[in-house]
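Visitor: Sharing a structure below in structure tokens format, with a few things to ask.
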Amino acid sequence: MNEPLLSVRDMRVRYGQALALDGVSLDLEQGRVLAVLGPNGAGKSTLARAVSGLVPVASGSVRFGGSDITKQAAHRVRREGLVYLPEGSGVFPGLTVAENLRMAAALLPRGRRRAAVDEALEIFPALARRRGTRAGMLSGGERQMLSLSRALVLSPKLIIADEMSLGLAPMMVDMVFGALDRLRGADVTIVLIEQFVHRALRFADDAVLLSRGRVAWQGPADSAQQEVLARYLGEAAVA
Ligand code: ATP
């Protein structure tokens, strides 16, 4: 059997004395979508940050694409194709859509840049139509789409999308999920940290439910039972 694209084993992460993750293990196969759910403070963003090298792992291990990246610096993890998009992650409002993409492409070898930008715009035709528009003029949904397409310029293997639909109107949320679906179509593996639990579960293949830094439940997204979710997220969150 092939090794999973991402494999986390018994991970512990501390902020000073506080244990934010306490023995988390999960596997994610190439091409799949994993929803990471859990109440505020459960450790979802910490998991994303630790996997991407942005906070140190106290114990346990992270393997990505067949190599051990547990202690690797964030910029190297990113270069290997694991891209973390933190909540509200930035586009440059004063630059046009095309300029934002060209900036993202500046990390690539010179000869690859133009093609990478064109490919990203091909996947998001709605952005291609707005290529000359300043990012600050885009709607919330379009801005998230730009943020995803900036990540796409780097030909990622795995994207961790942290609360991309936070604070967006329902139509904009549809736009974000549409954009994620295009990424999936481009064979990008996705970790989705989401407040819209049902939406996330409909979209994802697998799900992990975190509670107080531990895995409370994990399994196929379509078998995440109402009772399990309600127990950890509260009735209001799953209604
Ligand atoms: P949310 O949905 O609110 O973003 P989360 O599930 O992403 O929550 P984390 O942000 O990972 O949770 O936080 C996990 C725990 O670690 C919480 O108790 C939080 O208070 C704590 N924590 C997070 N970041 C830091 C930090 N920089 N320093 C100290 N403690 C932190």
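The values are calculated or read from the model by the stated rules, or taken from the named source; none is laboratory data. As the structure is a computational prediction, the values presented were derived from the model and not from experiment. For neighbour counting, all protein chains shown are included, and Cβ atoms are generated from backbone atoms with ideal geometry for every residue, glycine included. Please note that ligands, DNA and RNA were not included when accessible areas were found on the heavy atoms of the full protein model with its side chains. Shrake-Rupley method; radii C 1.70, N 1.55, O 1.52, S 1.80 Å.
Visitor: Among (1) crowded, with 21+ Cβ neighbours inside 10 Å; (2) touching a strand residue (DSSP E or B) at 6+ places or on another chain (Cβ under 8 Å); (3) part of a helix (DSSP H, G or I), which single condition is residue 191 missing?
Guide: The number of the failed condition is (3).
Visitor: Let me ask something else about it. Testing residue 141 on (1) modelled with pLDDT under 90; (2) open to solvent by 20 Å² or more (accessible area, probe 1.4 Å); (3) small (Gly, Ala, Ser), one condition comes back false. Which one is that?
Guide: The number of the failed condition is (2).
Visitor: Separate question: For the range 197-239, which positions are among the polar types (S, T, N, Q), modelled with pLDDT of 90 or more and either in a loop (DSSP other than H, G, I, E, B) or open to solvent by less than 60 Å² (accessible area, probe 1.4 Å) (or both)? Even if it seems obvious, please write down each step before you answer.
Guide: Pass one, the range 197-239, residues among the polar types (S, T, N, Q): 211, 218, 223, 225-226.
Right, trim to modelled with pLDDT of 90 or more and you get 211, 218.
Correct list: 211 only.
Visitor: If you go through the range 65-93 one residue at a time, how many are under 20 Å from residue 10 (Cα atoms), in contact with a Gly (Cβ under 9 Å, 6 or more places away or on another chain) and not aliphatic (A, V, I, L, M)?
Guide: Residues that pass the stated criteria total 4.
Visitor: Follow-up question, since we're still on this one. Identify, please: which residue in the range 43-73 is within 15 Å of the ligand (Cβ to nearest atom) and farther than 18 Å from residue 193 by Cα and is, among those, least open to solvent (accessible area, probe 1.4 Å)?
Guide: Checking each candidate, the answer is 57.
Visitor: Please state which of the following conditions residue 40 fails to meet, knowing it meets all the rest: (1) open to solvent by 40 Å² or more (accessible area, probe 1.4 Å); (2) modelled with pLDDT of 95 or more.
Guide: (2)
Visitor: How many of the residues in the range 2-37 are open to solvent by less than 10 Å² (accessible area, probe 1.4 Å), at pLDDT below 95 and farther than 25 Å from residue 196 by Cα?
Guide: Of the residues in that region, 0 qualify.
Visitor: Under 7 Å between Cβ atoms, which residue pairs at least 6 apart in sequence (or on different chains) link something in the range 95-110 that is touching a residue at least 40 places away in the same chain (Cβ under 8 Å) and among the small types (Gly, Ala, Ser) with a partner that is surrounded by 15 or more Cβ atoms within 10 Å (Cβ to Cβ) and assigned to a helix (DSSP H, G or I)?
Guide: 104/150; 105/113; 105/116; 105/117
Visitor: Turning to a different aspect of this structure: Would it be correct to say that residue 149 is within 13 Å of residue 123 (Cα to Cα) and either touching a residue at least 24 places away in the same chain (Cβ under 8 Å) or open to solvent by 10 Å² or more (accessible area, probe 1.4 Å) (or both)? Even if it seems obvious, please write down each step before you answer.
Guide: On the way: within 13 Å of residue 123 (Cα to Cα): yes; either touching a residue at least 24 places away in the same chain (Cβ under 8 Å) or open to solvent by 10 Å² or more (accessible area, probe 1.4 Å) (or both): yes.
Considered against the rule, which asks whether it is within 13 Å of residue 123 (Cα to Cα) and either touching a residue at least 24 places away in the same chain (Cβ under 8 Å) or open to solvent by 10 Å² or more (accessible area, probe 1.4 Å) (or both), residue 149 comes out as yes.
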